[in-house]
Amino acid sequence: MKFAIVVNGSPSSSQAAATALRFTEAALHQGVDVLRVFFYGESVLTANRLTHPPQDETNLTQRWQQLASDHDVELIVCIAAAVRRGVMDEREAKRYEHTADNLADGFELSGLGQLVDASIGADRVITFGGRA
Amino acid sequence: MSQIADLLLVLRHGPYGGLNAREGLDAALTAAAFEVPLSLLFLNDGIYLLQSDQQPGQLPAKDLSKTVPALAMYDIERLYVRSRDLEQRGMKPEQLVVEVEVLDDEQAANLFHQHRHILSF
């Protein structure tokens, strides 16, 4: 069984972001093959490495990074949605002439084609935060 | 129940209250560019995307009223709305910018079963 995970919900104002993480962790622990996690809409803010919640709160960015390195899962962030919201890798930061980039390690900017590709290639597509 | 298409995209938000509708349409256009057979269901406030005579010029938002009629150029021709959503918002099918198929609640529910995957925005 192959899953594609689509996250739309904001990391700071939706339950969806945390639920997506926990669901993906659970799926991987049960041996499900997660083809890709695709971050779209407000969820792209999850990939901002400058996010720094207080110590007693969950750091979603770090949790996703941990998951990606433990299970070798692709974390793809929609490039258009990310740039629109100020999340950039080195290349995009240069392109838009910013002095700094902020994409967290383990995440990768790519196009919407990756969402379509994952949707078609998976047995199940599970979306978190469709209503935002 | 026979399958209509691979993907059903559900647009649940109006055009100018946020980026949901815009990003949902972008996903639809991308899927079409990849030649994935897809359908679009405009649900709840999503049907405001179909309202004719939109004049969003005064808003700090991109005019989406031109995008919907352009869907046909991308071979996105299966467009659906729910009759209940039209009634609740005082809209009639003939007022919409494109021709759509109007479904009752049961038909709308079936639509979800007739697609392999669903993406919701």
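What to note about this one:
- The protein assembly as shown gives an Rg/Rh value of 0.98, both radii derived from C-alpha positions and Rh following Kirkwood.
- Average projection area in nm² (convex hull over Cα atoms of the range A:69-121, one quarter of hull surface): 4.1
- GluC sites (Glu not before Pro), loop per DSSP, at most 11 other Cβ atoms within 10 Å - longest free stretch of chain A: A:1-56
- Over all pairs of different C-alpha atoms, the range B:5-120 has a mean inverse distance whose reciprocal, the Kirkwood radius, equals 14.2 Å.
- Value in Å of the Kirkwood radius, where the range A:93-132 supplies the Cα pairs that are averaged: 13.1
- When chain A is treated as a Gaussian network with alpha carbon springs shorter than 10 Å, the biggest mean-square fluctuation among A:Arg95, A:Arg36, A:Arg63 belongs to A:Arg95.
- Kirkwood hydrodynamic radius over Cα pairs of chain A, then Stokes diffusion coefficient at 20 °C and 1.002 mPa s, in µm²/s: 146
- Scalar couplings 3J(HN,Hα) for the range B:53-58, obtained by applying the Karplus form with A = 6.51, B = -1.76, C = 1.60 to θ = phi - 60°, are 6, 6, 10, x, x, 7 Hz; x denotes Gly and Pro.
- Computed FRET value (nearest 0.05) for B:Glu94 with B:Ser2, which takes r as the C-beta separation and R₀ as 41 Å: 0.90
- Rounded to 0.05, the FRET efficiency of the A:Ala80 and B:His113 pair, given R0 = 22 Å and the Cβ-Cβ distance, is 0.10.
Each value in this text was obtained by applying a stated rule to the coordinates, not by laboratory testing. Everything numeric in this text was worked out from a predicted model, so none of it was measured. Note that each Cβ is placed from the backbone with ideal geometry, even for glycine, and that neighbours are counted across all protein chains shown.
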